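Read-outs throughout are calculated quantities, based only on the coordinates presented, and are distinct from any laboratory measurement. Here the structure is a predicted model, which means the values were calculated and not measured. Quick reminder, even Gly has a Cβ in these numbers, built from the backbone with ideal geometry, and neighbours come from all protein chains shown.
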Amino acid sequence: MKKQLNLTFLFVIISVLGIQAQTNINTLLESQNEIEDWLTEYNVPTVGIGLIKNGKLSEYKVFGEIREGTPAKNNTVFSIASVTKTITTAVILKLIEEGILGLDEPLYKYWIDPDIADNDWHKKLTVRNILNHQSGLPNWRTALKSKKLEFQFEPGTGYNYSGEGFEYLRKAIENKLNKSFEEISDSILFHPLQMRNTRFRWKEEIDSSIFAFRHNSDGEEYKYQGGFKVSAAGGILTTIDDYAKFCIYTINKAGLSDSLYEEMISIQANIKEDIDQGLGWQIVRNLPNDEFALLHEGGEWGISTIAIVMPKSKSGIIVFTNSDIGDKVYSRIIESYFCYGKELFEKLNEKSYDPESIETVQVSQDIIENYIGSYYIESFKMSVDIIYEDKALKLKSPYNTMTLYAQSETKFFLKDDDFRIEFIKDGTEVSGITVIYHGGEPEFAKKE
């Protein structure tokens, strides 16, 4: 399965400082044939790769075609989805550094969403709660039955990845400073770092000569490309070169005081063993040589992206793709060229439950037949099918088909991924499923 926040995810070239080839390939140019073979194998049109070594961009290259018949260039502009949150975090932390904003300052003074105005918890919502995903808000309100913003828990008392939180913060900052988030980001970050090809949206129309057009898992271009709406949670358009400047800036403490930088890379919330939430970035700890990594990935329709930086060794990698299943390509790249790639994926792919310890039960075929159908998962931006095949209930997505195992008449789980569902009945009819992905908050998906 793939999700916006896909930790199955996840989440490359030569040196003891963190980039070391595991093959004889020394440069991206020399590895071009292998990388292009991966693009062909997975039907992914474009991949851009940036390698950071010793605090500098050692090499970067973009491979493939941005759309059929148009070769990719090194200045290709990618939509980077949720990797945007790393940039938003840096802008917010700079405002804090300048004394314009407080990390633990309540946001209700500047913005109150009408949907939660009657819930006093909105007065407890702070900047920190947003940046460390402890806001209590859902990933997106559209995933809820009500389609309205609702607190899932009291701010600061739990962890739930939330795009809504970053949008809430954007509105609060815009109201406080009476400026658009675009203007603020440009003056604080993009202009000083000379990120000349980075923006939150296309102003008039997409530049079809340099944009990595979004594609589905079959390699087909989406009719709608987006890119015209400002989103602090997932709207940035940028190049490998530009985003590498930001990564190097982050490695060098992002213009922050030691104390504020330490806040950014400190454990704000635990996700699972050796993986924690900092401010904006996730943190993978206990890597070889006492190393740790800051990482973020982005995934939505037609986008799969990942960025990893290692402040201690001043190294890192950026991989952007323009496909639903681009993570299959970036995982091959990272495992092949990044010295800690396999260790990273082992930690990231650890399940929130032990499939072998769950006792399974038999469910009659009469009951199972009621479950068959399509269900739309809002945060995945796609439908999944529940099918009955080879005498087993299965979950079919655009990427693969996996067997569901019953732990009760209504509750099922996957052994091949970190994914649990419960069928919800309205009387005798199945109205939808509740999805729990990677131990996150339950999400209702309506039966179509």
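Using alpha carbon centroids, what distance separates the range 48-99 and the range 288-358, in Å? Going from one Cα centre to the other spans 16 Å.
Only helices enter this figure: runs of n ≥ 4 DSSP H residues, each worth -39500 (n - 2.57), summed and divided by the residues of the chain, yield -6500 deg cm²/dmol at 222 nm to the nearest 500.
Across the range 355-447, Cα pairs under 8 Å and at least six residues apart give a relative contact order of 23 percent. Taking the average, over residues, of other Cβ atoms within 10 Å as the packing measure, peptides 362-371, 382-391, 410-419 rank 410-419, 382-391, 362-371 from highest down. In terms of the mean number of neighbouring beta-carbon atoms within 10 Å, the peptides 98-105, 153-160, 304-311 order highest first as 304-311, 153-160, 98-105.
Computed from backbone phi with θ = phi - 60° and the Karplus coefficients 6.51, -1.76 and 1.60, the 3J(HN,Hα) list for the range 383-389 is 9, 10, 10, 9, 10, 10, 8 Hz; x is used for glycine and proline. Ordering 188-194, 246-252 by mean Cβ neighbour count within 10 Å, with the highest value first, yields 246-252, 188-194.
At a Förster radius of 35 Å, what calculated FRET efficiency corresponds to the Cβ-Cβ distance of residue 30 and residue 180, to the nearest 0.05? Efficiency at R0 = 35 Å is approximately 0.20. Taking a ≥ b ≥ c as the square roots of the Cα gyration tensor eigenvalues, with a/c under 1.5 meaning rounded and otherwise prolate when a/b beats b/c, else oblate, which class fits the range 120-262? Cα axes put the range 120-262 in the oblate bin. The overall shape of the range 355-447 is rounded: from the C-alpha gyration tensor, with semi-axes ordered a ≥ b ≥ c, the ratio a/c is less than 1.5. Between the beta carbons of residue 361 and residue 152, assuming R0 = 41 Å, the FRET efficiency works out to 0.90 to the nearest 0.05.
Give the percent of DSSP beta bridges with both residues in the chain that are antiparallel, rounded to the nearest 5. Before the final figure, lay out each step's value.
Working: 78 of 80 bridges.
Given both bridge residues lie in the chain, the antiparallel proportion sits at roughly 100 percent.
A P(r) calculated from all alpha carbon pairs of the range 1-350, with 10 Å bins opening at zero, reads 6, 27, 36, 24, 7, 1, 0 percent. Computed extension gain for residue 391 through residue 342, at 0.36 nm per residue and net of the alpha carbon distance, reaches 14.1 nm.
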